[in-house]
Amino acid sequence: MTEIRSSATQPAGTGAAPARSDAQPVVEISGAGKIFGSGPTAVHALQGIDLSIRAREFVSLIGPSGCGKSTLLRLIGDLIPASIGSVKVNGKPARQARMGREYGIVFQAPVLFEWRTIDRNVELPLEISGRPAAERRERALEMLRLVELEEFAKKYPWQLSGGMQQRVAIARALVIDPKLLLMDEPFGALDEMTRERMNSELMSIWRRTHTTVVFVTHSIPEAVFLSTRVVVMSARPGRVTSVIDVDLPQPRTFETRESERYFELVTAVREALHQRDLDAPGARESNGDAARIRAEGYA
Amino acid sequence: MAAAPAIASATLLRGDVRSGLSRRGRAAAIAVIVVGFLVLWEVVKWVGGDPWRIHASILGFAINYEHFPPLKWAIASDLALPHLWSIIGAYGQPAVRFGPPVWQVLIGASLFTLREAFVGLVIGAALGLLLGIVFVRFRVLERAFVPYVVASQTIPLITIAPIVVIYLGARWTSVALIAAYLTFFPVTVAALRGLRAADPRAFELMRATAASETQVLWKLRLPAATPYLFSALRVSASASVVGAIIGELPSGIPDGLGGQILQDVQYYITGPERLWATLAAAAVLGMVFVGLVGLADRLVNRGRHQPART
Amino acid sequence: MTTAQPAAPAGPALVGPWASRLREALPSVAVFVGVLLAWEFSLRILGVQQFLLPRPSVILAAMVDQQADLSRGAVYTATEALGGLVIGSFLGICAAFATARWVSAREALLPVAIVANSIPIIALAPITNIWFGSDNPMSRMAIVAVMVFFPLMINTTRGLVEVDPAALELMDANAASTWQVIRKVRVPNALPFVFTAFKVATTISVIGAVVGEYFGGPQYALGVYITSEAYVFRYMNAWAAILIASAMGIIFYLAVSGLERLLLPWHSSRRQPAG
């Protein structure tokens, strides 16, 4: 089996990313960390994160519960401030990027406002930016067309299924035409069939909008199917353990899921996650220790 | 269980879906209970009240009915518990000699009191909502003042009312203020809960789109709070009717229901059924006002909820 | 850009528990002291309405001066309030168990109770005075009991009925008897609802007792005392009695809150609100 894994000590961002080499990365994180609480009960949610994401990449963050992947996403979005290090989006500090409304976000739940119709839900970010009504309306309908829900524009959220609501949430995130799209396990609450369908739809949307995507998930098949790179994380403290380039051809279709390369990559990611198992408990065991533990048959 | 709001109108049977009755069945059951209560009323009088002597003619038929109850209960006497038909009859009699009938007077009094209650509700609700918004925005103020907001409700209204009335004059506006005093508290409590009740991720979304605090208030907090606010308004509606009636008492404003009650108490010996007739009118006023608030609720929240809700 | 921000303190980990509680209480204490001082001194300066709203020092003096009458009245009115509270709550809870048990009873009785709750029950005070005699504390106790009955019944019923369906399924899977379900699931679920209503009921009970006394009662009863003192313009005495009545309500409320904290330490209302 070909060795495709890059080790944890190499800086992230090497490898054949399919994006054209833009002047600056869309997301640049160096030495970032996040600590909750203080003193002996402090929680090191994230430590020593270095990550660089170029334009039009699709990067997944995958890892077990508590590895900080959602926290990292929120650091990028300046929903939580970093304790140390720097987070830059579009070349500026994360906070400035947020104030400039330069990204869209989708959560695990659709988080639609139940008192607004679908089109008014999609319009929300434009309303907050103060765009005029006509422009908002047109843009919202355009986005609804993108997710194929334009005939539901005047309905209320409760009238749509969970998968449809999530598509509306995606439309809302894209309505400001952001360069960056943050997604926090958006399909986690859906059943497997719907999830695979949504994955394909997301791929087709991504191809059309050319956004950069940072995608948090705990599903290995989903991460491999969607991404150009998979960032594997582990917990206690939250950190990046490896980055795996996904060199599957574009466009990703249902056939992709049945290719041999796909299975190889899924296995690689799974093993990268298990590697993490051997390193825990305790944060700073060296690779030597990990090798010794494996050799002694504790794997 | 997650933060289920204390909404009186929410489905009461959520844990127990064996809903036995249709809407018509439910109306029938309520009617049965009300009728049962009225029947019980007369049964109590039949068993332990004053002697029944009915000599009347209805539609040409003469009725001579006499009955001597076996027991003697003070509660069931004609003075304490008039017959239902004399209460109903009281509505038709002239309130004062050669004056308009009681039902007409009571409608006028009810409208007078309704005006006080309505104005009181509007002022109280506005104040309560404003306080809620300020407290949510500035936590320090919340910690500083909420204990006193709570404490203010423990001051018996009847003791404030005379002072307010003397200071501002015995007019319906003073009574409206007294009603406002009673109504602002449930609204404040509901606002404090409702303004914070939205999904935390919705707040994150607003932060992600760099919304200002004012935008968050208007676009997220307030719409999310409306179920809580309307539920509190229902409570406030009945409280403001009570406040208006009681507010009228110390000043003796004769035009409202409170004044009418005072009068009926004064002349109770001569006509006990009058007081009951007035009390029934006050009850109806309370129900009507609460019903109006419920109607407003449904109008404001058209389309928003699943129609399956009770 | 290096953002070396200190992490937000996650509660009283570093500061002692008393110190943080003091910090929490500081704003409201500051307000209390501030208002008291402002009241005391601004009236001196403005000479405003001193007979309607006497200075705190004057009210305090009246409290001391009238302590015999005030304590007698307080005890009398407190008895009415507490008696009505206990009777009404007990009956309300019993009624709730009955309506929770039979679905059809619930669908009929609960709407009636909700509607009845919107009726100005205090207006029945003259009637109870006639039934029991205006010098009889039972008269006010009855009013308070009725006022307290409906919120208790409505809320307790909701608490008994609005149970997570998954919890009921779990009990079914363990072949639990109806009585076991009631004891282990419904009653604990209902307790927060009961306490919410009970807290509201404490303030209702004091108000009901005092207002009921307006329609008649012995001379020393707190409500009668307040209005008769106000009538002869001895406002400092009236205010002293008002404050005592309020203190009564607050004490009842705090007692119930304390009981709640004892019985329900796990409840989410303890937690800080989000947003």
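Read-outs: derived from the displayed coordinates by stated rules, not from any lab. Note that the structure is predicted; figures quoted are calculated from it, not measured. Neighbour counts are summed over all protein chains in view; Cβ atoms, including those assigned to glycine, are modelled from backbone coordinates with ideal geometry.
Note down the nm distance, to one decimal, between modelled labels 7 Å out along Cα→Cβ at C:S57 and at C:L36.
Placing both labels 7 Å along Cα→Cβ, they lie 1.4 nm apart.
Where a Cα-Cα gap under 16 Å defines reach, which lysines qualify for B:K45, not counting those fewer than 8 residues away within the same chain?
Straight-distance partners of B:K45: B:K72.
Evaluate the distance, in nm, between pseudo-label points positioned 7 Å from the Cα of A:H210 and of A:T194 along their respective Cα→Cβ axes.
Simple spin-label model gives 3.3 nm for this pair.
Using DSSP to define loop residues, name the trypsin sites (Lys or Arg not before Pro) in the range B:108-203 whose beta-carbon has at most 15 other beta-carbon atoms within 10 Å.
Details: sites: B:R115, B:R137, B:R139, B:R143, B:R171, B:R193, B:R196, B:R201; in loops: B:R171, B:R196.
When the trypsin sites (Lys or Arg not before Pro) of the range B:108-203 are filtered for loop state and at most 15 Cβ neighbours within 10 Å, B:R171 remain.
Just to be sure I understand the curve: with the Debye formula and one point per C-alpha of the range A:18-145, what is log10 I(q)/I(0) at q = 0.12, 0.16, 0.18 Å⁻¹?
Log-scaled intensity ratios, in q order: -0.60, -0.96, -1.09.
In which sequence would C:M138, C:M153, A:M99 go, from the one with the fewest C-beta neighbours within 10 Å to the one with the most? Intermediate values should be presented prior to the final figure.
Numbers: C:M138 16, C:M153 28, A:M99 12.
The fewest-first ordering by Cβ neighbours comes to A:M99, C:M138, C:M153.
To the nearest 20 Debye, how big is the dipole of the range B:102-300 about its Cα centre, given +1 on the beta carbon of each Lys and Arg and -1 on that of each Asp and Glu? Please report the intermediate quantities before stating the final value.
Details: 14 positive and 10 negative charges, 156 e Å.
For this selection, approximately 740 debye.
Check A:T241: other-chain or 5+ apart residues with amide H under 5 Å from its amide H, H built from backbone geometry?
Here the answer is A:V232, A:M233, A:S234, since their amide H atoms fall under 5 Å of that of A:T241.
Would you kindly derive the ³J(HN,Hα) couplings of the range C:129-138 from the backbone phi angles with the Karplus curve 6.51 cos²θ - 1.76 cosθ + 1.60 (θ = phi - 60°), listing them in order in whole Hz, with x for Gly and Pro?
Those phi angles translate into 4, 6, 5, 9, x, 6, 8, 8, x, 4 Hz.
Counting other Cβ atoms within 10 Å of each Cβ, which chymotrypsin sites (Phe, Trp or Tyr not before Pro) in the range A:218-278 have at most 14 and sit in a DSSP loop?
On the way: sites: A:F225, A:F254, A:Y262, A:F263; in loops: A:F254.
Of the chymotrypsin sites (Phe, Trp or Tyr not before Pro), the ones in loops of the range A:218-278 whose Cβ has at most 14 other Cβ atoms within 10 Å are A:F254.
Taking C:K199 as the anchor, which aspartates and glutamates have their alpha carbon closer than 16 Å to its alpha carbon, excluding any fewer than eight residues away along the same chain?
Qualifying aspartates and glutamates at Cα under 16 Å: C:E260.
What share of the DSSP beta bridges in the protein assembly as shown is antiparallel, in percent to the nearest 5? Numbers along the way, then the final one.
On the way: 29 of 47 bridges.
If we restrict to bridges inside the protein assembly as shown, about 60 percent are antiparallel.
Over the range B:166-226, what relative contact order in percent results from Cα pairs under 8 Å that are six or more residues apart?
On the way: 26 pairs, mean separation 25.2, N = 61.
The normalised contact order for the range B:166-226 reaches 41 percent.
Which of the listed residues, B:V34, C:I250, A:H274, is farthest toward the dipole's positive end in the protein assembly as shown, when Lys, Arg count +1 and Asp, Glu count -1 at the beta-carbon?
A:H274
Mind giving me the FRET efficiency for C:I251 and B:A170? R0 is 41 Å, r the Cβ-Cβ distance, nearest 0.05 is fine. Can you show the working numbers first?
On the way: r = 34 Å, r/R0 = 0.82.
Result of the calculation: an efficiency of 0.75.
Taking the Cα centre as origin and putting +1 on Lys and Arg beta-carbons and -1 on Asp and Glu beta-carbons, what dipole magnitude results for the protein assembly as shown, to the nearest 20 debye?
On the way: 82 positive and 66 negative charges, 176 e Å.
For this selection, approximately 840 debye.
May I ask you to derive the relative contact order of the range B:19-126, considering only C-alpha pairs under 8 Å and at least 6 residues apart, and to give it as an integer percent?
On the way: 81 pairs, mean separation 18.1, N = 108.
Relative contact order of the range B:19-126: 17 percent.
Return the equivalent ellipsoid semi-axes of the range B:23-81 as a descending list in whole Å, where each equals the square root of 5 times an eigenvalue of the C-alpha gyration tensor. If you can, show how the numbers build up before the last one.
Numbers: eigenvalues 146, 75, 12 Å².
Semi-axis lengths for the range B:23-81 are 27, 19, 8 Å.
Could you please rank A:R239, A:R197, placing first whichever residue has the fewest other Cβ atoms within 10 Å of its Cβ? Please report the intermediate quantities before stating the final value.
On the way: A:R239 23, A:R197 15.
Final ranking by Cβ density, sparse to dense: A:R197, A:R239.
Would you mind classifying the range C:56-265 by shape? Square roots of the alpha carbon gyration tensor eigenvalues, ordered a ≥ b ≥ c; an a/c under 1.5 is rounded, otherwise it is prolate if a/b is larger than b/c and oblate if not.
Numbers: a/c = 3.53, a/b = 2.07, b/c = 1.70.
Prolate, since a/c reaches 1.5 and a/b exceeds b/c.
What's the average, rounded to a whole number, of partner chain beta-carbon atoms within 10 Å of each residue's beta-carbon in B:192-205? All intermediate terms of the calculation are to be shown ahead of the outcome.
Working: counts 1, 2, 0, 2, 4, 3, 5, 8, 4, 8, 6, 4, 8, 14.
Taking all residues of B:192-205 together, the mean is 5.
For the range B:102-300, what is the Kirkwood hydrodynamic radius in Å, using each pair of distinct C-alpha atoms? Mind showing how you got there, number by number?
Values: mean 1/r = 0.0552 Å⁻¹.
Its Kirkwood hydrodynamic radius stands at 18.1 Å.
Using a simple spin-label model with points 7 Å from Cα along the Cα→Cβ vector, what separation in nm is obtained for A:Q24 and C:V86?
My value for the distance between the label points is 7.5 nm.
In percent, what relative contact order does chain C have, based on Cα pairs under 8 Å that are 6 or more apart in sequence? Before the final figure, lay out the partial values.
Numbers: 293 pairs, mean separation 64.5, N = 275.
For chain C, the relative contact order is 23 percent.
Which of C:I154, C:I207 comes first, and how do the rest follow, when ranked by fewest Cβ neighbours within 10 Å? Numbers along the way, then the final one.
On the way: C:I154 24, C:I207 28.
With the fewest neighbours first, C:I154, C:I207 line up as C:I154, C:I207.
Can you compute 3J(HN,Hα) from phi for each residue in the range A:37-49, using the Karplus curve 6.51 cos²θ - 1.76 cosθ + 1.60 with θ = phi - 60°, rounded to whole Hz and x for Gly and Pro?
Taking θ as phi minus 60°, the curve returns x, 8, x, x, 9, 5, 10, 8, 5, 9, 8, x, 8 Hz for the range A:37-49.
Kindly provide the chymotrypsin sites (Phe, Trp or Tyr not before Pro) of the range B:221-294 that DSSP labels as loop, not H, G, I, E or B, and whose Cβ sees at most 13 other Cβ atoms within 10 Å. Intermediate values should be presented prior to the final figure.
On the way: sites: B:Y228, B:F230, B:Y267, B:Y268, B:W276, B:F289; in loops: B:Y267, B:Y268.
Passing sites in the range B:221-294 are B:Y267.
Find the percent of Cα-Cα distances in the protein assembly as shown that exceed 44 Å, and round it to a whole number. Write out the running numbers ahead of the final one.
Details: 175436 of 390286 pairs.
When all Cα pairs of the protein assembly as shown are counted, 45 percent exceed 44 Å.
Evaluate E = 1/(1 + (r/R0)^6) for C:V75 and A:T41, where r is the Cβ-Cβ distance and R0 equals 56 Å; express this FRET efficiency to the nearest 0.05.
Rounded to the nearest 0.05, the efficiency is 0.65.
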